[in-house]
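A.B. asks: Below: one structure in structure tokens.
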């Protein structure tokens, strides 16, 4: 292309650009007055609604920040299912180690559980039971009752008849796992799950954000008396199993929570009534209920959450039945008998003992021991 041709093409372009730059200057109105308004004074101001939609914005919050969340968010944000087995085992181990003098000062149910955990073939008292005549015969031929009982159960004379591990399993199965709030946890309501209830992991209790910020002070409420089952109004209501807890901290010193939000970050525009000018109002507060996209599994991440939670003081309660419960008169149904104790709810102490006995009996292998008279025969 020749130089002359290029000049012919460039010239019209320069003319067009020059023409585009010839626009009238925008005239701005006077600045609105910011002086205080006089009585009966009228001012006209213009408000504009602006949106600055922020998607997937992440913010790291401290424990104090989280305490300012709406209560509904705290109470319904599930974090994890906490394995309750170590909590129960530790509580029963401490009870078993209670000195005798202190144990006799415990409330009735706790004292009875202590006796159960410290019962051995050597210290058990079976007067008035169906085994008493058998032990009497053994004693008459010089056989100590502890020897017969130890052989019958399959343990040493000074070993506990009911181990802490066995008692822990019974408490989990019959007391904790039967509580409604140990079976179902609150979560996200979806089209597939409109109730927002999800099953809790076996032998566990659900932990919510509120538990972390409140140091688990709500456990006696969550796992206290439960409402009757709406699907079975005649069923007995669970009395609960935690009555007090102190000293538990789930959040360490470096605790932090990172959340991802979606919201309109632009402030709302309004009127400053002191001088009739445009004012701005933070828009976040009105969006807090919908800002967190809980359908995204990564909407919340935690740091500094204790992995091994130990409760320095946990008061668990297992309730006794106030009625006298007679022993059975028949061995049927097999492995159970016909005592009215089997009609009790599984969380009551008497039923719990029978479940322990049934489990223990199932662990004893079939065997036959033949004794020879020892010493002088009475």
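No value in this document is a laboratory result; all are computed from the given coordinates. Remember, it's a predicted structure, so these values are computed and weren't measured experimentally. Methodologically, a virtual Cβ is constructed for each residue, glycine included, from the backbone with ideal geometry; neighbour enumeration extends over all protein chains shown.
A.B. asks: Using a 10 Å cut-off on Cβ atoms, rank the peptides 170-181, 189-200 from the highest mean neighbour count down. Can you show the working numbers first?
C.D. replies: Values: 170-181: 20.3, 189-200: 11.1.
Top of the packing list down: 170-181, 189-200.
A.B. asks: Another one. Classify the stretch 186-229 from the C-alpha gyration tensor, please: rounded if a/c falls under 1.5, else prolate or oblate depending on whether a/b exceeds b/c. Please list the in-between numbers first.
C.D. replies: Details: a/c = 1.92, a/b = 1.45, b/c = 1.32.
Verdict is prolate for the stretch 186-229.
A.B. asks: Would you mind ranking 319, 371 so that the residue whose beta carbon has the fewest other beta carbons within 10 Å leads the list? Walk me through the numbers on the way to the answer.
C.D. replies: Details: 319 17, 371 12.
Taking fewest neighbouring Cβ atoms as first place, the list is 371, 319.
A.B. asks: Go ahead and run the numbers for FRET between residue 226 and residue 124, Cβ-Cβ distance against an R0 of 30 Å, rounding to 0.05.
C.D. replies: Details: r = 35 Å, r/R0 = 1.17.
That gives a FRET efficiency of 0.30.
A.B. asks: For labels at residue 156 and residue 244 in the simple 7 Å Cα→Cβ model, what's the distance in nm?
C.D. replies: Placing both labels 7 Å beyond Cα along the Cβ direction yields 3.7 nm.
A.B. asks: Now for a different question. Which shape class, rounded, prolate or oblate, goes with the stretch 167-261 when its Cα gyration tensor gives a ≥ b ≥ c as root eigenvalues, a/c under 1.5 marks rounded, and past that a/b bigger than b/c marks prolate?
C.D. replies: Working: a/c = 2.11, a/b = 1.25, b/c = 1.69.
Oblate shape, in that a/c is at least 1.5 and b/c is the bigger or equal ratio.
A.B. asks: For a test of the definition: using alpha carbon positions, the gyration tensor, and the 1.5 limit on a/c, classify the stretch 96-166 as rounded, prolate or oblate. Each step should come with its number before you reach the end.
C.D. replies: Numbers: a/c = 2.53, a/b = 1.84, b/c = 1.37.
It comes out prolate by the Cα gyration axes.
A.B. asks: Right, another one. Neighbouring Cβ atoms within 10 Å as the yardstick, rank 43, 358, 185 fewest first. Intermediate values should be presented prior to the final figure.
C.D. replies: Numbers: 43 11, 358 14, 185 21.
Sorted ascending by nearby Cβ count, the order is 43, 358, 185.
A.B. asks: Next question, about the same structure. Could you put 354, 331 in order, starting from the residue whose Cβ has the fewest other Cβ atoms within 10 Å?
C.D. replies: Working: 354 22, 331 10.
Starting with the residue having the fewest Cβ neighbours, the order is 331, 354.
A.B. asks: Any chance you could tell me what percent of the C-alpha pair distances in the stretch 157-214 go past 13 Å? Intermediate results must be reported in sequence, preceding the final value.
C.D. replies: On the way: 1147 of 1653 pairs.
Tail of the P(r) past 13 Å holds 69 percent of the pairs.
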